[in-house]
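The values are calculated or read from the model by the stated rules, or taken from the named source; none is laboratory data. Source: prediction; values computed, not measured. Glycine also receives a Cβ, built like all others from the backbone with ideal geometry; neighbour counts cover every protein chain displayed.
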Amino acid sequence: MNQGPQKKRLRLFPKQGYVMLLVGILIGFLIFSAISFLFPKGGPSSNGQNGIPSNIQFTFLYTSEKQSWIEEVTPDFEQWFHARFNITVHVRLLPAGSHDTVNTILWESEQPTAWSPASSIWIPYLNQKWKNLGHNEEIAKDSTPLVLSPIVIAGWSSFLQQYNITDFRDLYQLAIDGINYKYGHPDPLLSNGGVTAVVLEFSEAFGKNPNQFEVNDFNNQTALDFVRAIESKAVYYGKSTGFFGRWAAENGPLAIDCFTVYESVVIDNSQKAENKWGDSLISVYPEGGTLLSDHPYVILDAPWVDNWQRFAATQFLFYLLQEQTQEKAQIYGFRPANPSVPLNEDIFNEQNGVEYEIRVPIFKPLSGEAMETLLTVWPSVRNPGV
């Protein structure tokens, strides 16, 4: 990994995501300013007069990758909100896997105000499934990234450098050349990390960016064989993306050679692995491009969300994007989504197995139809012995 001589803040967003971030910040600021003007002496009455509630509760359905960060900052947000508006707010935190969050919304087993899957790839998928249930409008119309973690091929430095692994085509070539290596990623039916891994494998197989995928592409037998060859080297599919980093650091190079995970997983485990095995875990950013686990924040356009919940959820977004909150996210291995927040060089460096700058293209999400087809095709390409 080569670290560039100039360390500048890199804009990682796809254009739409970047615009939505700025819109999200602006909306939060304008609402904050308007309420502060209306209630300059500390906020509305706490007894609920004039239709103003004394307390607001809303559910935030989000993914477990960012659970530690969210649990740390949410109590601070509740105090922040009360100090400004004299309204008690309680954010009910509900962590789950990305696919589980989609099903939770579709089945209405919970009625969240705000939703944050691990990646924007789930937004078109949810909207398609929602409309398939007979709804006329999309339920997730606008989104703003909260934090960022690119998808990487992680592995032992000795293995990745020996075979000069730069992308998934190199893993495919090793497989058809008969090189016996051990690979892994989470199950895409259970984990966002697994979905993004397989999306990137298919992107290489199709020679297309994910947003260009068509349903008929998944009938291409050559592409299916490409993915099947890589998956033939899988030794484990799991529910958790973080599992692979912990497992590798604990069990060493004999357990697994490489695996597709979030960059944050490498940061968490690289030095532990180096200390125990004398061989570090490092990240390879696929040279053809990668996906961001961008943790989009969505205020649902659902019939169960009222205006006061929407207001509080917008303020939560505003708070999560503030500089001090984004700085706390970096401690957990996430890159800040707010472009005004500098990247922490003590965390994002070669010693932690990652690069300071991301120099590969960032893909846009695939369509909901393509995503559903990929999940349908997955059992035919996975390693049946795992």
| said: I want to confirm something. Restricting to the range 222-250 and keeping residues that are modelled with pLDDT of 95 or more and among the polar types (S, T, N, Q), which single residue is nearest to Phe348 (Cα to Cα)? | reply: Ser232
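Out of Ala229, Ala140, which single residue is more than 19 Å from Glu65 (Cα to Cα), of a type in the set (Gly, Ala, Ser) and outside the structural domain of Glu250 (by TED's automatic domain parsing)?
Ala140
Kindly check whether there is at least one residue in the range 167-179 that is of a type in the set (S, T, N, Q) and outside any helix (DSSP H, G or I).
Restricting attention to the range 167-179, the residues satisfying the condition of being of a type in the set (S, T, N, Q) are 173.
Retained after the next criterion (residues that are outside any helix (DSSP H, G or I)): none.
No, because not a single residue in the range 167-179 is of a type in the set (S, T, N, Q) and outside any helix (DSSP H, G or I).
Just the residues that are aromatic (Phe, Trp, Tyr) and out of contact with any helix residue (DSSP H, G or I) (no Cβ under 7 Å at 6 or more places or on another chain), please, taken from the range 238-265.
Phe243, Trp247
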| Does Trp308 qualify as being aromatic (Phe, Trp, Tyr), in the same structural domain as Asn192 (by TED's automatic domain parsing) and either more than 20 Å from Val147 (Cα to Cα) or surrounded by 19 or more Cβ atoms within 10 Å (Cβ to Cβ) (or both)? | no
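Residues that are within 20 Å of the chain's Cα centre (by Cα), assigned by TED's automatic domain parsing to the domain that holds Asn209 and among the acidic types (Asp, Glu): does the range 370-384 have at least one?
Within the range 370-384, the first condition is being within 20 Å of the chain's Cα centre (by Cα), and the residues that meet it are 370-372, 374-375.
Checking which are assigned by TED's automatic domain parsing to the domain that holds Asn209 leaves us with 370-372, 374-375.
Remaining after also requiring among the acidic types (Asp, Glu): 372.
Yes, that holds for at least one residue.
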| If you take the residues of the range 94-149 that are aromatic (Phe, Trp, Tyr) and surrounded by fewer than 24 Cβ atoms within 10 Å (Cβ to Cβ), which of them is nearest to Pro365 (Cα to Cα)? | Trp130
| request: Look through Ser293, Ser232 and report the one residue that is surrounded by fewer than 24 Cβ atoms within 10 Å (Cβ to Cβ) and out of contact with any Lys or Arg (no Cβ under 9 Å at 6 or more places or on another chain). | output: Ser232
| task | Would you please list the contacts, defined by Cβ atoms under 6 Å and residues six or more apart or on different chains, that run from a residue in the range 368-386 that is within 18 Å of Glu231 (Cα to Cα) to a residue that is of a type in the set (Phe, Trp, Tyr) and surrounded by fewer than 18 Cβ atoms within 10 Å (Cβ to Cβ)? | result | none
| remark: Of the residues in the range 132-152, those that are farther than 24 Å from Ala313 by Cα and either part of a helix (DSSP H, G or I) or in contact (Cβ under 8 Å) with a residue 60 or more places away in the chain (or both) come to Asn132, Pro150, Ile151, Val152
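Of all residues in the range 184-215, count the ones that are farther than 15 Å from Asn383 by Cβ, touching a residue at least 40 places away in the same chain (Cβ under 8 Å) and in a loop (DSSP other than H, G, I, E, B). Let's see the steps before the verdict.
Our first condition is that a residue be farther than 15 Å from Asn383 by Cβ; within the range 184-215, this holds for 190-193, 195-196, 199-200, 202-215.
Of the ones still in play, those that are also touching a residue at least 40 places away in the same chain (Cβ under 8 Å) are 190-193, 195-196, 199-200, 202-204, 209-211, 213-215.
Filter once more, keeping what is in a loop (DSSP other than H, G, I, E, B): 190-191, 209, 213-214.
Of the residues in the range 184-215, 5 are farther than 15 Å from Asn383 by Cβ, touching a residue at least 40 places away in the same chain (Cβ under 8 Å) and in a loop (DSSP other than H, G, I, E, B).
Which is surrounded by 18 or more Cβ atoms within 10 Å (Cβ to Cβ), without any contact (Cβ under 8 Å) to a residue 60 or more places away in the chain and not small (Gly, Ala, Ser), of Leu160, Leu174? Break it down into steps so the answer makes sense when it comes.
Values: Leu160 fails: without any contact (Cβ under 8 Å) to a residue 60 or more places away in the chain.
Testing whether each residue is surrounded by 18 or more Cβ atoms within 10 Å (Cβ to Cβ), without any contact (Cβ under 8 Å) to a residue 60 or more places away in the chain and not small (Gly, Ala, Ser) leaves just Leu174.
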| task | Test Lys239 against the criterion of being under 19 Å from the mean Cα position of the chain (by Cα) and surrounded by fewer than 18 Cβ atoms within 10 Å (Cβ to Cβ), and give yes or no. | result | yes
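Would you please name the residue that is surrounded by the most Cβ atoms within 10 Å (Cβ to Cβ), looking only at residues in the range 251-283 that are in a helix (DSSP H, G or I) and free of Cβ contacts under 8 Å to residues at least 24 places away in the same chain? Working first, answer last.
First, the residues of the range 251-283 that are in a helix (DSSP H, G or I): 251, 263-277.
Filter once more, keeping what is free of Cβ contacts under 8 Å to residues at least 24 places away in the same chain: 251, 272, 274-275.
On the way: Asn251: 13, Lys272: 16, Glu274: 18, Asn275: 10.
Of everything passing the filter in the range 251-283, Glu274 is surrounded by the most Cβ atoms within 10 Å (Cβ to Cβ).
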| field | The one condition in (1) more than 24 Å from Ile121 (Cα to Cα); (2) in a helix (DSSP H, G or I) that Pro384 fails to fulfil | value | (2)
